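Contents: one structure, followed by commentary.
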Amino acid sequence: MSDQYSFPDSFLWGTAIAAHQVEGNNKNNDWWRWEQSKTPDRKYPLEPSNEACDFYNRYEEDFDICQEFNTNAIRLSVEWARIQPKIDVYDQTAIDHYKKMFMAARERGLQIFLTLHHFTSPVWFADRGGWHARDAVAIFRQYAQVCAEEFSDYVDAFITINEPQVYALKSYTDGTWPPNLRNPWLSYYVQINLMRAHRSAYDAIKTICDTPVGLAKNIVWYDTNPFASNLIDRAAARFLNYLNDDFFLLPLMGKIDFLGLNYYFTQRLHYLRIDNPNDYVSDMGWWINPGGLGEILQKLKKYKVPIYITENGLADATDRYREHFLRDMLIACGQAILSGVDLRGYFHWSLMDNYEWHEGFWPRFGLVEIDREHNLARKPRQSFYYYAKVCQNNTVEVN
Ligand code: IFM
């Protein structure tokens, strides 16, 4: 093993955020409506997003931090409900606001990876049947085309949809997220629709510009306990890994210029139950296993498309693991590059503490702490200084 890993000169060192989780006051989408509904017999969400981090107004301050900490890229999303508040209305004021935001990022040397759909949809879209409506794909295609027309001069890459499978499972299988349905068949149908939506949006964007288009795919790595593995667990892990990546990705090949990988954790199976070690876990109980990232990157090599890690991070309120986490994950990245994986960038989730969906604000994913008691003050955590050094040196040291 080498004692340091150097990254290609063009490597992107970034952070990631998403509109509804940071902007605040996204009042016209399905999440907001549900959060604010205070339905008494619903367990979730723990709290509403309200002003979130007020990123919609404070983006310059946040991009200043990105620059100060040597990052050269940011992944963010636009809020569909702001851009298209009604089916037949595009809001030029909101579009211009985003343009100003993108300019501010570029002026600070940040390349922009722009996500078009990150879990939330306009209320009018939800009311027509959301992602299981017949014309959902056509509607999304039109929105993607408008985004390409308006934003292609400002952004470096488009990500059509964030974590389609997670969305389908949360919203349509376990019903935790709006539209809170529990129907596995519908969930499967929505997954197919999201694949179709990606393909269609890809074509629409390409009629406007040459900007690379990809999608962000969450992949959990399924593994077995090396000391107690049995045939059934090995077969189950293989099958789950197939469902997680190849099943979804194979139909997208040819309509993808790069693959965005969101990796958080590994699940170890023992007699078909999850049996993870508990030595290295985040505040959310997710087992941190950099080896899983290495395995996934090797597996994705066969698709022969550039890969960006579009999310990777942990909830860690006291910042006790984040530096180790970063080092371990980045070593896995360095090793993957050495072995021929075409990995071109890393976006840490997240730039700042934000609204973690049905969990509310307690999980702290940020390189920057948001002090909710003091006017949402931004306070970079110690681990951000470590990441800044890596970004500056383009190298991660092993030790
Ligand atoms: O906060 C989320 C993000 O919106 C999508 N990927 C996983 C993150 C952490 O749970």
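The values are calculated or read from the model by the stated rules, or taken from the named source; none is laboratory data. This is a predicted model, so every value here is computed, not measured. Note that each Cβ is placed from the backbone with ideal geometry, even for glycine, and that neighbours are counted across all protein chains shown. Surface areas here come from the heavy atoms of the whole protein model, side chains and all, with no ligands, DNA or RNA. Shrake-Rupley method; radii C 1.70, N 1.55, O 1.52, S 1.80 Å.
Descriptive notes on the structure:
- Which listed residue, of His348, His374, His358, is open to solvent by 10 Å² or more (accessible area, probe 1.4 Å) and either in contact (Cβ under 8 Å) with a residue 12 or more places away in the chain or within 16 Å of the ligand (Cβ to nearest atom) (or both): His358
- Test: Ser350 is among the hydroxyl-bearing types (Ser, Thr, Tyr) and within 25 Å of Trp31 (Cα to Cα): yes
- No other residue among Ile274, Ile192, Ile219, Ile208 is within 16 Å of the ligand (Cβ to nearest atom) and either within 23 Å of the chain's Cα centre (by Cα) or not small (Gly, Ala, Ser) (or both) apart from Ile219.
- Among the residues listed as Arg238, Arg182, Arg234, the single one being free of Cβ contacts under 8 Å to residues at least 40 places away in the same chain, touching a Ser or Thr at 6+ places or on another chain (Cβ under 8 Å), among the basic types (Lys, Arg) and part of a helix (DSSP H, G or I): Arg234
- Candidates Leu314, Leu300, filtered to the one that is assigned to a helix (DSSP H, G or I) and either open to solvent by less than 30 Å² (accessible area, probe 1.4 Å) or in contact with a Cys (Cβ under 9 Å, 6 or more places away or on another chain) (or both): Leu300
- Residue in segment 68-75 that is aliphatic (A, V, I, L, M), within 29 Å of Lys379 (Cβ to Cβ) and open to solvent by 40 Å² or more (accessible area, probe 1.4 Å) present: no
- Hey, Tyr188 more than 17 Å from Ala81 (Cα to Cα), touching a residue at least 12 places away in the same chain (Cβ under 8 Å) and among the aromatic types (Phe, Trp, Tyr) or not: yes
- Any hit, segment 202-219, residues being farther than 24 Å from Tyr143 by Cβ, open to solvent by 10 Å² or more (accessible area, probe 1.4 Å) and among the polar types (S, T, N, Q): no
- Residues in segment 147-162 that are more than 12 Å from Ser77 (Cβ to Cβ) and out of contact with any helix residue (DSSP H, G or I) (no Cβ under 7 Å at 6 or more places or on another chain) were compared, and the one that is most open to solvent (accessible area, probe 1.4 Å) is Asp153.
- Test result for Phe365, assigned to a loop (DSSP other than H, G, I, E, B) and over 15 Å from Phe325 (Cα atoms): no
- Among the residues of segment 375-389, the one identified as part of a helix (DSSP H, G or I) and aliphatic (A, V, I, L, M) is Ala388.
- Test: residue in segment 111-120 that is open to solvent by 40 Å² or more (accessible area, probe 1.4 Å) and modelled with pLDDT under 95: no
- Answer from Leu259, Leu249, Leu269 - the residue that is open to solvent by less than 20 Å² (accessible area, probe 1.4 Å), within 19 Å of the chain's Cα centre (by Cα) and away from the ligand (no atom under 16 Å from the Cβ): Leu249
- Residues that are in a strand (DSSP E or B) and over 30 Å from Ala157 (Cα atoms) within segment 251-285 comprise Gln267, Arg268, Leu269, His270, Arg273, Ile274, Val281, listed in sequence order.
- Selection status of Asp30, surrounded by 18 or more Cβ atoms within 10 Å (Cβ to Cβ) and touching a Leu at 6+ places or on another chain (Cβ under 6 Å): no
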